[in-house]
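Nothing in this text is a laboratory measurement; each read-out follows from the coordinates by a stated rule. Just so it is clear, the model here is predicted, and its values are computed rather than measured.
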Amino acid sequence: MILISCKNCHKIYEKEDYTSFKCDKCGHTVRRRVKNSLQTSLALVLTALFLFVPAMIYPMMEVTQLGVEEGSTIIEGVIAFLSHGDYFIAVVILTASVIIPLIKLLGLLFIFSTLIINTRLKNKTKIRIFYFIEAIGKWSMIDIYVVALLASIVQLDEVFNIKGGIAATSFALVVVLTMIAAHRFDTRIIWDEPRK
Ligand SMILES: [Zn+2]
């Protein structure tokens, strides 16, 4: 007899073997491991990393002032806030849109690589890094709120018109893809015996 718990609702079942079945409490299909979890999450992380480039080098917002269109990238925005003495906003934007997304992506990439290449890193350390990434993920949407807030303030003034640039779309995709990659990743893989 083996004990199997549903990944979704944590109901415990007593089973003969590891064949998949449907949880009768929540309807979730209980599998030994999520199918192709590592490959899918790795592909999502790599896509997000590529999209991070346009998010940085293209304008985040396009500001039309008296008919003249102007765009500024995230970094230019941060520098502008710094030069106005708004250090707090500058730090919030830099942390939320550059530092946190990068830590998340590189952290996930690091864990996934340690699962592909055998390393001496302890499983407990890997799972701690993963939980840390999951915990900070909740804060990486701050930047979208900042942009939305800024747009709503500035649009009160008829002379200005702000709309999201290419970078805003790329950035939103980076955030969403990273979230799916982390959610789709089956942490139980960490505890599997390394393939020989
Ligand atoms: Zn269930």
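Quick notes
- Entries of 35/104; 15/104; 22/122; 25/126 with Cα pairs more than 29 Å apart: 15/104; 22/122; 25/126
- The phi torsions of region 107-112, fed into the Karplus equation with coefficients 6.51, -1.76 and 1.60 and a -60° offset, translate into couplings of x, 5, 4, 5, 4, 4 Hz, rounded to whole numbers, with Gly and Pro shown as x.
- Residues whose amide H comes within less than 5 Å of that of residue 71, counting only those at least five positions distant or on another chain, are 63 (H built at 1.01 Å from N in the peptide plane).
- Equivalent ellipsoid semi-axes - Cα gyration tensor, region 11-97, angstrom: 49, 16, 13
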